[in-house]
Every structure is written in C-alpha cells, then in structure tokens.
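The values are calculated or read from the model by the stated rules, or taken from the named source; none is laboratory data. Everything numeric here is computed off the predicted structure, so don't read it as measured data. As a convention, Cβ positions derive from the backbone with ideal geometry for all residues, glycine included, and neighbour counts pool all protein chains shown.
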Amino acid sequence: MSKDKSANISVYFGSDEGQATQAAVAAYRDLSAGGDGWGDEIIEGVAATVDEAVSLIHRTISSLRTMNMFGGRKVIWLRGVTFMGDSPQGTRSASVVSALEELLAALESLDAETFFILSSMEMDKRRVFFKRLEKLCNLREFSKIDISKQGWENELSAMVVTMANARSLRFESSALDLFVHRVHENSRQIANELDKLSVYLGKEERPLSQRDIELMVAVSRDGIIFEISRALEQRNAPAAIALIDAQLARGEAAVAIMRAAFIPTLRNRYCVRLLMESYGVKTGNYRDFESSLRKLPPAAMKLLPLKKDGTPNAYGLFSAARSLGKIKLSGARDALRACAAADCSLVSTSTDARQLLHQLVVRVCA
C-alpha cells in the first residue's frame, strides 16, 4: 500500500474506551458524509468465543473486498472490538491470530475508494499484527489518566474543562474539584455527567456550583474516598462518619480507608501549615501557591509530594490550605500523630475498626 492509501485506514484504541469511540464516531461521520450511504457499514466487534472472533474477522474481510453496489466510496467501521487484546478469545488463540493476518492482507490491498475504521479498548502491542498495523494506518491510542500517580488531578481537570467548554459549561473552582473526584478518569462517564448538567442548567448562564455537583453527579466508588477527605478537611464529623460507615458496609477495609483518606489529608494539612509558618508560602490563589512551592529551598522541597516529572504536586496541598482555617501547626501535628497511632492499632491490635475510625474522626474534626 502506498503512503497515501494509509489515510484510508484509521484505528482508535486504548483503556479510555469513551475517547477512542468518540474519535471513531467523528471519523465515521466525516467519511460517510462524502459518500452516498449505500456503502456504509458498521460491524459490531464483540466476540465471546474464538469462533465468533474468527467469524467477525472473515465477515470484515469479505466486506472490505466487496465494492459499493452503486460504485463510489465505501466506509466500514469494525466497532468495539474485543478480540485484539491478550485474552483466550483474542491474540492467545492461533486461529484468531491467523485470521488477523488475513485481515492485514486485505487492508494492504485496499481499494482507494474503501475506508476502514477500527475501534477497540484493548490491543496486544506485543504481536506482529500490531507492529504491521501500526505501519499501515492512522493509529491513535487513548489511555485513561493514571489516578495512582501524583498530579493526576491537574491532568484530569484540564480534560474536564475542555469537555465542558465544548458544551458551554463553566465550573466554580470548588465545583470542578468535586466533579473531578466524583467521576474520576472515565471519559464516558464524564461526558454523560456533563450532558446531564447541561440539561439541568438549561438556559441559565452561570458557572456550575458545588451544590449543583452534589445534586446531579453520582459518586463513584473511588469518589467516596475524596468525599471522606473533604469532610475531614471541613471538619464535618457527621458526614465523615456516615461516609465511612457506608464504605465499611460495602466491604471496604478500614486500613484502606485510613491510608487513602485520613493519612493523605492530615499529612497535607500538617505540611501546608509548616510551609506557611516556616517559609511564608502564599495560599491566596492557586497560581501564587504553586509559584511559592517552586521557590522553596531543597530542604523544604523534601516535604512535598512530587509528580512524575519531579515538580511539586500542589493540588492536594492547596486544597488543604483552603480549608486549614485557624488550625495551628501544633494542632495539625497532634492530629497526624493520632492518625499514625490509629493506623498502627488497626494492623496490630484487635480493636474494633469502626469504633477506632469514628474516634479518630472526632479527634481530627474537633
């Protein structure tokens, strides 16, 4: 296939299925707009078994080799493929791999008026099939933001703002924080929630408030951890206790709640108060705060959580600074020590975990 013909083949894949599908939809619409509609075809790529996968591949090959009934452009979209990842009904099967090689041969001899789109959540990059496909087509990968890494909040906030702008939606700062932590990294869920907020807001031209998010956006399982952290920051003991009880009732381990919600929140509270009192860090707005962190001496930088690129992760610290209120350094230190003692008790004693967490909430929210 010539270099020019590679524009006839587009592949969209990745762990962020929502973005991959959205890109494929846009490509299909653009290409379909240039034809008569008779040659357009969508093939659902969901296969539960090896035989189903092989059958779908052969059906796709047949469609690629068949001309449009009335001539002209033909657009084929193999949508939501489930057999190109490392799975028993995927690339672990010799039959599927063989069929995929046949698909490559069909793509390499593609007619100039035939366009092919493929969307898939998984793609086994180790296989020769992927290496050949990568050289053959316009290939784009969409990966979910890794929320296990420092600094994910800023990255996800930027994505949410971009998607919100496309819908003429604006957020108040606290509302954006809450939205990001309620939906997390799932772009499909983000799009659905933004669409819902757009309908809810109607023709009102105002920024979305924290109250709007609380009313309209469902809390993900991971988002409840943020809600606990937020309740602790605001020293709202009843809310924190209710959320903790809900998580425990779902089977969440007390030590997991401790280390995901309590420890980061109280550590950030202590750290930011120390930075304010010892180094004069400014907390008026996010830009000034981030700038102050970047100017800290090396000894102070050791206190900070860092992002992958080595720069300070200001997001969590700024959130702590906004809710710090009149808490002094000694109070923040005492709360962190109480948290450390409670964490030790959780893993080394038979103390009732629920009671221990409740006592800690009362202690740190006092």
Has the stretch 271-284 got any residue that is under 30 Å from A246 (Cα atoms), more than 27 Å from the chain's Cα centre (by Cα), part of a helix (DSSP H, G or I) and in contact (Cβ under 8 Å) with a residue 60 or more places away in the chain?
no
Show me the helices (runs of 4 or more DSSP H) entirely contained within the stretch 105-197 in which 3 or more residues are in the same structural domain as D30 (by TED's automatic domain parsing), crowded, with 18+ Cβ neighbours inside 10 Å and of a type outside the set (G, A, S).
128-136
Filter pass, A338 being surrounded by 13 or more Cβ atoms within 10 Å (Cβ to Cβ), in a helix (DSSP H, G or I) and more than 32 Å from the chain's Cα centre (by Cα)
yes
Could you tell me whether any residue of the stretch 357-365 is aliphatic (A, V, I, L, M) and surrounded by fewer than 16 Cβ atoms within 10 Å (Cβ to Cβ)?
yes
Working only within the stretch 181-217, note down all residues that are over 20 Å from W152 (Cα atoms) and either modelled with pLDDT under 85 or charged (D, E, K, R) (or both).
D195, K196, K203, E204, E205, R206, R211, D212, E214
With the condition kept exactly as written, say whether any residue in the stretch 293-304 is part of a helix (DSSP H, G or I) and either under 18 Å from E233 (Cβ atoms) or in contact with a His (Cβ under 7 Å, 6 or more places away or on another chain) (or both).
no
Filtering the stretch 243-299 for residues that are surrounded by fewer than 21 Cβ atoms within 10 Å (Cβ to Cβ), within 12 Å of L317 (Cα to Cα) and aliphatic (A, V, I, L, M) leaves a count of 2
Which of the numbered conditions does V183 fail, given that it passes all the others? Conditions: (1) among the hydrophobic types (A, V, I, L, M, F, W, C); (2) within 22 Å of the chain's Cα centre (by Cα); (3) under 25 Å from T66 (Cα atoms).
(3)
Out of (1) more than 24 Å from D245 (Cα to Cα); (2) crowded, with 18+ Cβ neighbours inside 10 Å, the odd one out for A320 is which?
(1)
Has the stretch 12-33 got at least one residue that is farther than 24 Å from E101 by Cβ, touching a helix residue (DSSP H, G or I) at 6+ places or on another chain (Cβ under 7 Å), in a helix (DSSP H, G or I) and among the polar types (S, T, N, Q)?
yes
Selected residue (only one of F171, F83 is farther than 24 Å from V25 by Cα, of a type outside the set (V, I, T) and without any contact (Cβ under 8 Å) to a residue 60 or more places away in the chain):
F171
In the list I244, I213, which residue meets the criterion of being under 21 Å from D352 (Cβ atoms) and part of a helix (DSSP H, G or I)?
I244
So R170 clears everything in (1) touching a Phe, Trp or Tyr at 6+ places or on another chain (Cβ under 6 Å); (2) at pLDDT 85 or above except one condition, right? Which one?
(1)
